[in-house]
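Each value in this text was obtained by applying a stated rule to the coordinates, not by laboratory testing. Predicted model, so just to flag it, every value in this text is computed and none were measured. Glycine also receives a Cβ, built like all others from the backbone with ideal geometry; neighbour counts cover every protein chain displayed.
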């Protein structure tokens with residue numbers, strides 16, 4: 001019997017490097033204030049995020065468009081697939097079979113659960129993607145502006161690391177972990193979703 005050796009997705013040295021970068025972050029200070037071109041860029045990104053976050057169709061297309069422009073960001077294609085599947089589930093809620101299992105109120109609760117989850121992920125992640133896009137355009141690291149979008153210090157560290165080392169796998173896994181945490185924090189613990197969706201027999 002032959003044994004197959006598999007390589008880890010993330011190397012230990014990459015994890016240790018991120019850990020060291022997190023420890024080197026400056027102590028908490030007063031909220032950052034932005035001026036000039038930074039303010040203009042922040043407003044531009046917020047406007048784009050809001051426009052693309054209208055519904056599941058616009059989100060799904062935005063992810064795909066982004067990936068086609070920036071194929072090195074593998075997570076964007078994964079997000080496109082997940083968002084598209086979420087749309088299928090949302091559509092399924094109006095099928096005859098589901099209607100026989102769920103009351104209109106329950107259908108609405110499930111729809112809102114999927115919508116809030118997809119919207120929350122997009123709101124957090126798409127601003128990060130657009131800031132990377134601007135950094136590429138200007139050939140300059142702009143990730144200090146992530147604070148303006150309330151992005152976690154973990155993701156700030158990861159993006160700065162990606163800008164220097166271009167580890168696509170590490171970035172993808174970090175984004176997956178970050179968005180799972182984001183959903184848990186902002187959606188799963190909401191009482192209405194726990195009552196109407198997560199703790200219901202369906």
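With each pseudo-label sitting 7 Å past Cα toward Cβ, what's the residue 81-residue 9 distance in nm, one decimal?
1.2
Hey, rough spin-label estimate for residue 39 and residue 93, points 7 angstrom out along Cα→Cβ, what's it come to in nanometres?
4.0
I'd like the orientation of helix 56-69 relative to the chain: the angle between its Cα long axis and the longest Cα principal axis, in ° from 0 to 90, rounded to 10.
The answer is roughly 30 degrees.
Within 10 Å of each residue's Cβ, count the other Cβ atoms and sort 158, 82, 39 from fewest upward.
Ordered by Cβ neighbours within 10 Å, fewest first: 39, 82, 158.
Test of understanding: in a Gaussian network model of the chain with alpha carbons linked when under 10 Å, which of 119, 100, 147 would top the mean-square fluctuation ranking?
Checking each option, the largest mean-square fluctuation is seen for 100.
Helix 104-138 versus the longest principal axis of the chain: what angle, 0 to 90°, nearest 10, using Cα atoms?
The answer is roughly 20 degrees.
Can you tell which of 12, 93, 142 shows the greatest fluctuation in a Gaussian network model of the chain with Cα springs below 10 Å?
Taking springs between Cα atoms under 10 Å, the residue moving most is 12.
Within a 10 angstrom radius of the beta carbon, how do 150, 74, 108 rank from fewest other beta carbons to most?
Lowest count first: 150, 108, 74.
Radius of gyration and Dmax for the chain's Cα atoms, expressed in Å?
Using the Cα atoms of the chain, the pair Rg, Dmax is 19.4, 65 Å.
Does anyone have the angle between helix 153-165 and the longest principal axis of the chain? Alpha-carbon axes, 0 to 90°, nearest 10?
For 153-165 against the chain, the angle is about 60 degrees.
Testing the spin-label approximation: label points 7 Å from Cα along Cα→Cβ at residue 116 and residue 168. State their distance in nm.
3.6
In which sequence would 92, 38, 161, 124 go, from the one with the fewest C-beta neighbours within 10 Å to the one with the most?
Fewest to most other Cβ atoms nearby, the residues stand as 92, 38, 161, 124.
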